[in-house]
Amino acid sequence: MNNKFHQYIPNSLTYLSMACGLGSIILSNQGFIFQAGLFILASFIFDSLDGFSARKLNAETKLGLQLDSLTDMVSFGVAPLLLIFNHLYARGFSSLWIFPLLILSAWAGAFRLARFNLQPLKTSSHNDTLGLSVTQAGVTLSLAVLSDLSYSTYSLPNSVYIVLLLALSYLMASRICLPSILWFFPSKIHFAVYLLIGLLTLFFVSPFTSLLIFCLGSLAVSIGRSLYIRKSQGSLAL
């Protein structure tokens, strides 16, 4: 296959990811909240494929990096925030109280992307980076809304969205080293535990709730691992 053609594959996937993010924004503003959430998950799939294909085809370019950052801001920095805003509005709650938190999250996402672009190019999707990625934060917020919509007799308290927005904003802007991918498994034992919990929860909750629990559990383990490594290195330095 022509090497020049290789370069078009990752960027084409990036454009598809951006299209899904824009589609989510449009659907969300039209009141199709559940469909908008699914479009964000679709954007995440294309976003994962573009990075994977760029590394496998050795087609990483500076243009691709900038396109990827712009797409991340649209699909995972803005679309999930509008999803939450419109979801709460559709539930009959005044969404104005959460507006400052949405702005804070957007600022944190923009800062995270700008800082990432100043770092050396990654050679693997498993490398740690400073702060939580915008993609991970956006997917987590979207799963929270999709999980909420999965139950007709129960709604997540507004405080859940407050905690998620504050925590994810802090993690994006923090200097905590976290894995680039959300489903981090530090060992085979953790993988087995995650898999068992995931299979058990599928019998009692919706798939979106299972994925949300999975993501939050993985994030908690990753934070604990990072803090442990930092503490160990500090002890060695002493």
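The values are calculated or read from the model by the stated rules, or taken from the named source; none is laboratory data. Just so we're clear, the structure is a prediction, and the values are computed from it rather than from any experiment. Please note: Cβ atoms are built from the backbone with ideal geometry, for glycine as well, and neighbour counts cover all protein chains shown.
Assorted remarks:
- Those residues of the range 31-44 which are over 16 Å from the mean Cα position of the chain (by Cα) and closer than 20 Å to residue 138 by Cβ, in sequence order: 32, 33, 34, 35
- Selection from the range 193-238 of residues that are outside any helix (DSSP H, G or I) and modelled with pLDDT under 65: 203, 238
- Among the conditions (1) modelled with pLDDT under 80; (2) outside any helix (DSSP H, G or I), residue 190 misses just one, which is (2).
- Pair list, Cβ under 9 Å, 6 or more apart: the range 67-96 residue more than 14 Å from residue 39 (Cβ to Cβ), other residue of a type in the set (Asp, Glu) and surrounded by fewer than 17 Cβ atoms within 10 Å (Cβ to Cβ): none
- Yes/no for residue 19 being at pLDDT 90 or above and either more than 23 Å from residue 169 (Cβ to Cβ) or among the aliphatic types (A, V, I, L, M) (or both): yes
- Matching helices (runs of 4 or more DSSP H) fully within the range 58-157 where at least 2 residues are touching a helix residue (DSSP H, G or I) at 6+ places or on another chain (Cβ under 9 Å) and modelled with pLDDT under 85: 62-72
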